[in-house]
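Below is one structure; the comments refer to it alone.
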Amino acid sequence: MAKGVRALEIFLKDPSKPLPIKKAVAAKCADCMGKYIDSPQDCGIKTCSLYPYHPYNPNKPKSNRSKRPANPAAIEALKLARQKRNKNRSRED
């Protein structure tokens, strides 16, 4: 099944349930492309505001999350929180 078709069908069954943004974009693209009845492919409609995020766009922007440098203060806070959690768990046992 092409990307977005299942999300579109879920939305059409119950439009009151919001979809996550990524699935909503894929569902809208599937709707616009007729559920990819021919085959899943890039629509090529570069004037569409969702085109940069189209599931089959070969030039889709990549996430920058993995490229961001780690925040040393956040890493230290996470370590401390994990240590505290582990201490509390060992006391419960």
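The values are calculated or read from the model by the stated rules, or taken from the named source; none is laboratory data. Nothing here was measured: the structure is a model prediction, and the numbers come from that model. Cβ atoms come from the backbone with ideal geometry, glycine included; neighbour counts cover every protein chain shown.
Side notes on the structure shown:
- Residue match in region 21-36 (condition: modelled with pLDDT of 85 or more, hydroxyl-bearing (Ser, Thr, Tyr) and part of a loop (DSSP other than H, G, I, E, B)): no
- Residue match in region 61-80 (condition: assigned to a helix (DSSP H, G or I), surrounded by 10 or more Cβ atoms within 10 Å (Cβ to Cβ), without any contact (Cβ under 8 Å) to a residue 12 or more places away in the chain and under 21 Å from the mean Cα position of the chain (by Cα)): no
- Scan of region 45-70 for residues that are at pLDDT 75 or above and over 25 Å from MET33 (Cα atoms), ordered by number: ALA70
Residue-wise test of (1) under 15 Å from MET1 (Cβ atoms); (2) surrounded by fewer than 10 Cβ atoms within 10 Å (Cβ to Cβ); (3) over 15 Å from the mean Cα position of the chain (by Cα); (4) of a type in the set (D, E, K, R).
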| position | (1), (2), (3), (4) |
| --- | --- |
| SER16 | no, yes, yes, no |
| PRO40 | yes, no, yes, no |
| ILE45 | no, no, yes, no |
| CYS48 | no, no, yes, no |
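- Of all residues in region 2-20, those satisfying the criterion of being in contact with a helix residue (DSSP H, G or I) (Cβ under 9 Å, 6 or more places away or on another chain) and part of a loop (DSSP other than H, G, I, E, B) are ALA2, LYS3, GLY4, LYS17, PRO18, LEU19, PRO20.
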